[in-house]
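Taking it in order: structure first as structure tokens, then the write-up.
We did not get these values from a lab; they are worked out from the coordinates using the rules stated. Quantities reported herein were computed from a predicted structural model and do not represent experimental measurements. As a convention, Cβ positions derive from the backbone with ideal geometry for all residues, glycine included, and neighbour counts pool all protein chains shown.
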Amino acid sequence: MVSTRDRLKQTKEKLVSPLKIHQKPNSKKNDDLEIGDSYDRLTTLEITVPDLTSTVRELVEQLRLTSLAKASASVKRRGYSKKNAVMEVDGDDDIAEIDSDSSDAESLKERSGIDISVSGTINDRTYNMFSSNGNVFTDVTKDPICEEERWVFLVTCLILLVFIDVGYTHNVPVEEEPITLVPALIIFGDSTVDVGNNDYIPTIFKANHPPYGRDFENHKPTGRFSNGKITTDIIGETLGFTTYPAPYLSPEASGKNLLIGANFASAGSGYYAETTLLNNAISLREQLEHFKEYQRKLTKVAGPKKAASIIKDALYTVGFGTSDFLQNYYINPLLNLVQTPEQYSAFLVAIFENFISDLYRLGARRIGVTGLPPIGCLPAVITMFGYGSDGCVSRKNSDARCFNRLMNATETKLTKKYPDLHLVVLDIYNPLLDIIHNPATNGFKETRKGCCGTGLFEFSLLCNRFSIGTCSNATDHVFWDGVHPSEATNMILADSLLTQGVSLLG
């Protein structure tokens, strides 16, 4: 199965790699251009893509486009202005038409970055995309569109932006900025999204040693609890980011790096403060205080107006809860003998509700929150609570489903309370359960054991270079260690989360 992320990547490769541009002569050669020049470029760019028709047909089939999709775009870059870039895709005839011509240009000195505006119409619904200095903003001007139509629009815009982007003259020096669907990523959570904050605090929950990170860039551990990328890395790449938000406690979280967001997550953290205390992690409250500090730093770097825009339009991800059960409730008789799983879940979800309200008051408007995975299927949980069975522990999965139902109900409550809040509780339970129940269909062989060590329980310090039995190829393992998914699994999960959360992008 080809993921949405891979489809987008393949589409861009197909469109750009065979691209041929013929530029008709103009009155001034590009080599003669100087900063400060102002002149008329009455130039037509003729773009030829041999495989365009088959590429569009593939898109139509994959996205099941059944109605006419139109989009138009204009771009200004360093004084060059191109307009009338138009693409039409007909679901019946698979017809695609791209045309781009340039008009009068402004002074090169007056322009920097990119300004792109795109408007699209599908099924009589109109919506817009505007990009400035690499940040893309969208708004729906009529009735909300469905997820499928939104993907069609985003892909159509992607094709337009690719043509416009490669269709300008490259001889003028321009400092490129990546075009991203949101200006920044701001991440809160536990070990599922920690990228190294725990490297800077005294805790046993660290992933800054081999074999963690062996399949990551440079094959070095970074603090991510995986052999490679985690879901937020993959989501960021799909949205156009070329670098990852830095762990907030690291030296890298400074200066211009703050413009793309920050990661506040800490392995062992949870909604419940006692969970964090037991694990000596960075609590939810502390992560929120770090975010407030981040806002002050961002204002100094970007200025008040731009900082406020970044905070408002950033994509926020929140991932807590697993540690609250695995590293607290299930092993803490002071909790599990006093509260039922249902009562404990309600307690945690009430904390979640207050946290989202706090984020809203601090300016967040686009928030994606992951529920609990099928925790009864995690290798370490089966080992600890399966009583010799190799199957998922059903009562633990039942706890996760109860928690997720309460989260979904709270999502509805919060969106009614804050009409301009875009909040989505993302289902990670069913996508991961599907992978576990249908491993071969998803390209896996091993579901019971993690790759690291015996795969039955090792994670954090117990997963190390001396762990006996670590597999040589993690791509056929659903889990990397006793708790955390492998990069291959994260790829599939990230694609599912993107599809569920597409409403957060517009």
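The length gained on full extension between I201 and T415, counted as 0.36 nm times the residue separation minus their Cα-Cα distance, comes to 73.5 nm. The H on the amide N of L426, modeled in the peptide plane, is under 5 Å from the matching H of V369, T370, G371, each at least 5 residues off or on a different chain.
Between beta-carbons, use under 13 Å as the cut-off and find the net charge around R224, counting Lys and Arg +1, Asp and Glu -1. Around R224, the charge tally is -4. Counted residue by residue at 0.36 nm each, then reduced by the alpha carbon distance between them, the extension gain from N280 to I468 reaches 64.9 nm. Charge tally for N198 (other residues, Cβ to Cβ under 14 Å; Lys, Arg +1; Asp, Glu -1): -2. The calculated FRET efficiency for the pair F347 and N208, based on their C-beta separation and a Förster distance of 51 Å, comes to about 0.95. With 22 Å as the limit on Cα-Cα distance, the pairs of K220/K300; K256/K297; K256/K292; K292/K312 that go past it are K220/K300.
Give me the dipole magnitude in Debye, nearest 20, for the range 206-337 about the Cα centre, with unit charges on the beta carbon: positive for Lys and Arg, negative for Asp and Glu.
Values: 14 positive and 11 negative charges, 104 e Å.
The calculation lands at about 500 debye.
When you count the other C-beta atoms within 10 angstrom of each residue and take the mean per peptide, 197-205, 476-484, 290-298 line up highest first as 476-484, 197-205, 290-298. Simple spin-label estimate for E217 and E237 gives 1.0 nm between the two label positions (7 Å along the Cα-to-Cβ direction from each Cα).
Which Cα, out of F291, N336, T276, lies furthest along the positive dipole direction of the range 269-383 (beta carbon charges, K/R +1, D/E -1)? About the Cα centre, the residue reaching furthest to the positive side is F291. The gain in end-to-end length when the L456 to K300 segment is fully stretched comes to 51.4 nm, 0.36 nm per residue minus the alpha carbon separation.
Shape call for the range 327-381 from the C-alpha gyration tensor, a ≥ b ≥ c root eigenvalues: rounded (a/c under 1.5), prolate (a/b greater than b/c) or oblate?
Numbers: a/c = 3.30, a/b = 1.70, b/c = 1.94.
It comes out oblate by the Cα gyration axes.
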